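What follows is one structure encoded as structure tokens, with my remarks underneath.
The values are calculated or read from the model by the stated rules, or taken from the named source; none is laboratory data. Since this is a predicted model, take the numbers as computed values, not measurements. When we count neighbours, we look across all protein chains shown, and the Cβ atoms used for this are built from the backbone with ideal geometry, even at glycine. Note: areas computed on protein heavy atoms with side chains; ligands, DNA, RNA excluded. Shrake-Rupley method; radii C 1.70, N 1.55, O 1.52, S 1.80 Å.
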Amino acid sequence: MSRSLHDLLTAHRLTPAQRRIASYLAERAADAAALTSAELAQCTEVSQPSVTRFVALLGFDGYGEFRRYLRDASDEPATEGGNKFQAAIDADLRNLTALRAQLADETRLRSIAERLMASRPLVITGYRVSAAQAASFAYLARKIHPDVQLVTDAGSVFGDAVRHAHRRGAGVLVLFALPRYPRESAEALAQARSLGLRTLLVTDRPVSSLTPSADDVLHAGVASEFVFDSHAAVVSLSVALVEAMADAAGALARQRLEGFEDYAADQDLFLPD
């Protein structure tokens with residue numbers, strides 16, 4: 001794949017169907033240059049309207065212009081070697097490197113962690129693909145924090161839960177919002193702030209449609225080379241935040257961790273190594 005085609009395909013937020021097209025182009029751009037839009041749709045197992053929307057998203061006036069671009073791009077020097085799986089890992093490594101540089105100044109992460117530990121309960125939420133990241137963070141945070149409430153229902157159910165948490169003394173809502181951002185994420189931030197809760201947004205970039213609505217933002221990039229995003233750097237950021245929470249909790253964290261280990265041994269929860 002040429003450098004210009006690589007840059008073009010990675011410069012846009014793509015739907016899963018569009019990523020199927022992009023993946024095919026990354027491996028067979030020269031072949032694709034000879035295909036009609038209907039043939040490209042058939043080869044990538046998407047609809048022809050998906051191809052049309054994909055071409056428009058990339059900024060071309062029509063499929064004919066896009067096909068001419070592919071012919072020209074096929075003559076350009078290729079990007080660094082490796083298959084598409086290696087390219088995706090390379091993208092994860094770039095995101096992790098950027099996160100490492102970002103965490104060189106740990107002051108802000110530790111300040112946020114202290115606020116999370118002070119919130120009783122601590123409310124954590126996320127929707128669609130972000131629900132999995134929210135659940136993973138909540139699972140780890142419960143090992144440190146004495147009162148974590150995970151809410152992955154939206155609408156009135158979320159409203160009931162966050163109001164109840166606020167009455168119990170919650171001071172912070174943590175929202176995970178990774179692409180593509182569900183509308184419920186914006187609504188959750190608005191409801192939490194209307195109650196006076198401080199909001200922490202864990203997301204993929206420092207500026208988006210959601211960031212103006214959050215009090216604090218932590219971000220780590222996602223890799224978009226596959227049909228679905230890889231959240232490797234976001235996982236690392238989540239674990240780093242839990243570590244900072246453990247540091248903030250001090251003796252309380254040690255007691256809770258030791259208590260869990262005693263319980264796990266008593267109940268024989270885990271298989272031997």
Legend entry - Residue tally, condition in a helix (DSSP H, G or I), within 19 Å of the chain's Cα centre (by Cα) and surrounded by 13 or more Cβ atoms within 10 Å (Cβ to Cβ), over the range 95-111: 6
Inset, instruction - For residues that are of a type in the set (Val, Ile, Thr) and outside any helix (DSSP H, G or I), tally how many sit in the range 138-164. - result: 4
Legend entry - Which numbered condition Leu241 misses (of (1) out of contact with any Lys or Arg (no Cβ under 8 Å at 6 or more places or on another chain); (2) part of a loop (DSSP other than H, G, I, E, B)): (2)
Inset, instruction - Hey, can you tell me all the residues within the range 203-236 that are more than 22 Å from Arg110 (Cα to Cα) and in contact with a Phe, Trp or Tyr (Cβ under 9 Å, 6 or more places away or on another chain)? - result: Ser208, Ser209, Leu210, Glu225, Phe226
Legend entry - Test for Val207: is it more than 16 Å from the chain's Cα centre (by Cα) and free of Cβ contacts under 8 Å to residues at least 60 places away in the same chain: no
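Among the candidates Val239, Val217, Val234, Val227, single out the residue that is β-branched (Val, Ile, Thr) and either open to solvent by less than 20 Å² (accessible area, probe 1.4 Å) or at positive phi (or both).
Values: Val239 fails: either open to solvent by less than 20 Å² (accessible area, probe 1.4 Å) or at positive phi (or both); Val217 fails: either open to solvent by less than 20 Å² (accessible area, probe 1.4 Å) or at positive phi (or both); Val227 fails: either open to solvent by less than 20 Å² (accessible area, probe 1.4 Å) or at positive phi (or both).
After applying the criteria, what remains is Val234.
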Inset, instruction - For Ala135, indicate whether it is assigned to a helix (DSSP H, G or I) and open to solvent by 10 Å² or more (accessible area, probe 1.4 Å). - result: yes
Inset, instruction - May I ask you to list the residues in the range 116-156 that are without any contact (Cβ under 8 Å) to a residue 24 or more places away in the chain, under 18 Å from Leu197 (Cβ atoms) and touching a strand residue (DSSP E or B) at 6+ places or on another chain (Cβ under 6 Å)? - result: Ala138
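Consider the range 201-216. How many of its residues are of a type outside the set (D, E, K, R) and over 18 Å from Glu184 (Cβ atoms)?
2
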